[in-house]
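First comes the structure, then the notes that go with it.
The values are calculated or read from the model by the stated rules, or taken from the named source; none is laboratory data. Because the structure is predicted, anything quoted here is derived from the model rather than measured. Cβ placement follows ideal geometry from the backbone for every residue including glycine, while neighbour counts extend to all protein chains displayed.
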Amino acid sequence: MPKESSTRQRQMVAQQAARLMAEEGIADYAFAKRKAARQLGMTDTHTLPSNAEIESALREYQELYLADEQPEQLRLLRTDALAVMQLLQRFDPHLTGAVLDGTAGRYALTDIYLFADSDKEVEIFLLNNKIPYKNEEHRANIGHERHKVPVFVLDGEHGIIRLSVFATDDVRRIAKSASGSARATSKALEILLN
C-alpha cells in the first residue's frame with residue numbers, strides 16, 4: 001500500500017475514533033480504533049493510528065464541534081474529582097486520564113488512583129461514609145508486570161468516577177497512569193482549576 005494511502009487511512013480512523021469517543025463516550029483508545037476501522041470498512045489493522053494521533057484528533061473535534069460545552073463540562077468533572085480526592089486524601093489520590101489531560105467530554109469517566117495498604121481499607125471507608133459503589137477490577141502495568149487492580153465505581157454528580165486501588169508502594173512504581181498519561185495530586189488539580 002502506498003505511504004500516502006496508509007497515512008490517509010490512519011487519519012480517517014483517528015478522526016472516526018475521536019468522533020466515537022466524543023459522541024458515544026468510549027474511553028478505551030484501542031476499542032475506539034477497532035470500531036472506527038470496522039465502520040470505515042478497513043481490514044488492515046496494522047496501520048491503525050497511535051493513541052497520540054487519536055488524542056490530537058479528539059482535541060480538534062472538540063474545538064470544532066463542542067467548543068461551547070466541552071470546557072464547562074471539563075471544569076465540572078475536575079471540580080467533582082477534586083471533591084472526591086479531598087474526601088479520600090488519606091489514600092494519596094491521583095487524577096489521571098481524560099479529565100486531567102483535558103479531552104474529557106460529556107460521557108467521560110473520571111479516573112482516580114488511590115494508594116492503600118489494601119483495597120478493603122478503601123471499601124471500609126466508603127461503607128462507613130455511606131458512599132454507594134460497585135466493585136470492578138481491571139489489569140494494569142505495575143513496574144514491568146501486569147496485575148489485577150481492584151476498582152470502586154461511584155456515580156458522581158456529573159459522571160462516573162472510577163477509583164483504582166494500588167498498593168502504597170506502587171506510587172513510585174507507576175510513574176504515569178496505566179494508560180500512559182500523567183497523574184496529578186489534589187494540590188496540582190487545585191492549581192489547574194484556578
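A few comments on the model shown:
- Tally of residues being surrounded by fewer than 20 Cβ atoms within 10 Å (Cβ to Cβ), closer than 16 Å to E72 by Cα and of a type outside the set (S, T, Y) across the range 99-125: 4
To keep it simple, each residue is scored yes or no on (1) β-branched (V, I, T); (2) loosely packed, with under 15 Cβ neighbours inside 10 Å; (3) assigned to a helix (DSSP H, G or I).
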| site | (1), (2), (3) |
| --- | --- |
| Q11 | no, yes, yes |
| M21 | no, no, yes |
| A27 | no, no, no |
| F31 | no, yes, yes |
| R34 | no, no, yes |
| T43 | yes, yes, no |
| A52 | no, yes, yes |
| R59 | no, no, yes |
| D68 | no, yes, no |
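Conditions tested, residue by residue: (1) over 14 Å from A98 (Cβ atoms); (2) within 18 Å of the chain's Cα centre (by Cα); (3) not assigned by TED's automatic domain parsing to the domain that holds R106.
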| site | (1), (2), (3) |
| --- | --- |
| Q16 | yes, no, yes |
| E24 | no, yes, yes |
| D28 | no, yes, yes |
| K33 | yes, yes, yes |
| L40 | yes, no, yes |
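- Among (1) modelled with pLDDT under 85; (2) over 25 Å from R75 (Cβ atoms); (3) of a type outside the set (A, V, I, L, M) - the single one S181 does not satisfy: (2)
- Only residues that are in a helix (DSSP H, G or I) and at pLDDT 95 or above were counted in the range 82-118, giving 9.
- Yes/no for P150 being under 16 Å from F91 (Cα atoms) and modelled with pLDDT of 80 or more: yes
- In the range 101-128, the residues that are within 16 Å of A140 (Cβ to Cβ) and without any contact (Cβ under 8 Å) to a residue 60 or more places away in the chain form Cβ pairs under 7 Å with partners that are assigned to a helix (DSSP H, G or I) and of a type in the set (A, V, I, L, M), at six or more places apart or across chains, as follows: I112/A81; I112/V84; I112/M85; L114/V122; F115/V171; A116/V122.
- Odd one out for S164, checked against (1) touching a Phe, Trp or Tyr at 6+ places or on another chain (Cβ under 8 Å); (2) more than 28 Å from I54 (Cα to Cα): (2)
- Among residues of the range 70-93, those that are surrounded by 18 or more Cβ atoms within 10 Å (Cβ to Cβ) and acidic (D, E), counted: 1
- Options T47, T96; residue that is touching a residue at least 24 places away in the same chain (Cβ under 8 Å), surrounded by 12 or more Cβ atoms within 10 Å (Cβ to Cβ) and assigned by TED's automatic domain parsing to the domain that holds M21: T47
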